[in-house]
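The values are calculated or read from the model by the stated rules, or taken from the named source; none is laboratory data. Remember, it's a predicted structure, so these values are computed and weren't measured experimentally. What goes into the accessible areas is simple: the full protein's heavy atoms, side chains included, and nothing from ligands, DNA or RNA. Shrake-Rupley method; radii C 1.70, N 1.55, O 1.52, S 1.80 Å.
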Amino acid sequence: MRPLKGLSLRSRQSQVCEFALNLTNGSTPEETVPTRVRQQLLATWVKAKQLLQQQIGPRLGTEEQVGTPVGIRAPTNALGTGGTNEDVSSVTRVLVALEMYSCNGLGLMDFSVPSLAQNHMCCVIGECRRWEGRCHSHSAPSAAHRKLVKMASECNWSDPLVELQTLTRLTHFAHAARDHETTMACAHKAVEMGVKYLKIFGP
């Protein structure tokens with residue numbers, strides 16, 4: 001492999017992470033790694049992009065990024081394109097968005113989190129309180145994190161621990177946004193899931 005001349009350490013980190021993420025995107029079964037491993041790669045990649053002051057595209061995936069380390073042949077199918085395992089892609093988008101939220105407000109470059117607003121998420125995950133036949137919170141302004149909750153609820157999670165961690169992080173961000181309805185819905189779902197797996201794996 002030829003040396004990566006003229007690239008900063010941060011740029012190298014970003015490119016190596018992109019290569020590893022593309023390699024393990026699910027398009028090649030033998031290269032697939034556990035979700036918790038990809039989660040660490042994604043966290044490193046997002047932080048590297050922030051330090052490089054590079055925004056992440058609206059598809060929330062490495063397929064929009066340019067740059068495979070010199071001397072390394074890029075995988076045929078990048079994340080989110082034809083032939084990619086859709087379960088891996090959808091989970092990746094949720095985890096990337098969470099890392100972007102986590103990195104914002106720290107005094108560094110803030111990520112422009114794409115507009116994800118849609119319906120009120122307490123209804124999407126079936127936890128809304130109804131008043132006269134309709135959710136009383138539908139009149140409230142929608143927020144980006146609500147669509148993120150919907151995205152997470154539609155994912156096929158292969159790792160229940162990562163799913164539980166995602167729910168608790170979504171609870172935190174909803175609370176920070178003062179969206180109490182969604183906060184309670186996510187918290188309830190997280191507790192419900194935790195109890196379920198305690199019964200399965202407990203003594």
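Before moving on, here are some points about what is shown:
- You can think of it this way: the chain between Leu108 and Glu154 has 13.4 nm of extra reach, that is 0.36 nm per residue less the Cα-Cα gap.
- Within the assembled protein chains, the solvent-accessible surface assigned to Thr24 is about 10 Å², based on a 1.4 Å probe.
- Between Ala176 and Leu52, residue separation times 0.36 nm minus the direct Cα-Cα distance comes to 42.0 nm.
- Using the Karplus relation 6.51 cos²θ - 1.76 cosθ + 1.60 with θ = phi - 60°, the per-residue 3J(HN,Hα) values for the stretch 8-16 come to 6, 4, 5, 5, 5, 4, 4, 5, 5 Hz, with x marking Gly and Pro.
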